[in-house]
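Bear in mind that the values in this text are calculations on the coordinates, not laboratory data. If you're wondering where the values come from, they're calculated on a predicted model, not measured in any experiment. FYI the Cβ positions are ideal-geometry reconstructions off the backbone, even for glycines, and counts take in every protein chain you see.
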Amino acid sequence: MILLDLQLQSLTSEHLSALLELDQACFGGLWSGDAYQRELDSPNSHLLGLFSPVENTTLLGMGCFWSILEEAHITILAVHPQYHRQGLGQALLYSLLKAAGDRGLERATLEVRASNQAAIALYEKFGFKTAGRRRRYYQDNGEDALILWLSDLQHPHFLATLDNWRTLVSDRLSQSSWKLLD
Ligand SMILES: CC(C)(COP(=O)(O)OP(=O)(O)OC[C@H]1O[C@@H](n2cnc3c(N)ncnc32)[C@H](O)[C@@H]1OP(=O)(O)O)[C@@H](O)C(=O)NCCC(=O)NCCS
């Protein structure tokens, strides 16, 4: 089987238009160009992209976290709808958690729509637990947000788990003909 290269990269200003295209495809325009530019400019914001040199859509997925004290606050995680269920979302989440751990952060947290079963299943697969609920958090439809947490990012047990995930992530990608480059 031929495997297609997949590359993980920190995003910079040169990726702004690709980010807006991906945002449009995933969310119908969630964040503005100015909002992405602020993320790209902020030293506390870590924005990662998954690229394929051979696909028409070159930026296939993105993920972002803010370092706030000892926490990684995951602010966005999205995969282009044409590439769902191929292991890209978990590759991105793995990479965000690895980057957070490498920066010495202790915990990861995020808010997710209570109805977003796909994302909740993904986060739970990686050990996130529900820590609370923000009532009517989303202004567009008054939906609740679940607050998810993952603790002990610096614990040796978590570091071993990360290594296992690296293998699981690569195996899942290769089933869908992807190869994540180092
Ligand atoms: C959530 C999202 C990033 C998942 O990306 P993906 O590349 O399709 O996910 P993966 O193929 O890596 O799936 C990994 C795991 O997530 C879970 N999952 C993903 N999609 C799912 C779905 N539609 N239903 C149930 N579980 C799902 C499963 O546990 C899956 O593991 P499995 O394949 O072993 O069952 C993607 O659906 C997305 O971009 N959604 C829109 C943006 C969004 O809602 N982001 C989250 C904001 S907090």
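Odds and ends about this structure:
- Estimated dipole of the chain in Debye, rounded to 20 [Cβ of Lys and Arg +1, of Asp and Glu -1, Cα centre]: 560
- Across L159, L48, L40, mean-square fluctuation computed from a Gaussian network of the chain (C-alpha pairs under 10 Å connected) peaks at L159.
- Helix-only CD estimate at 222 nm, as mean residue ellipticity for the chain, using -39500 (n - 2.57) per DSSP H run (n ≥ 4): -11500 deg cm²/dmol
- Pair-distance distribution of region 4-180: all C-alpha pairs, bin width 10 Å, starting at 0; shares per bin in whole percent are 9, 37, 40, 13, 0.
- Among Y83, Y138, Y94, the largest mean-square fluctuation in a Gaussian network model of the chain, built with springs joining Cα atoms closer than 10 Å, belongs to Y138.
- Springs between Cα atoms under 10 Å define the GNM used for the chain, and in it the highest mean-square fluctuation of Q154, Q37, Q117 occurs at Q117.
- Rg and Dmax [Cα atoms of region 1-60; Å; Rg one decimal, Dmax integer]: 12.5, 42
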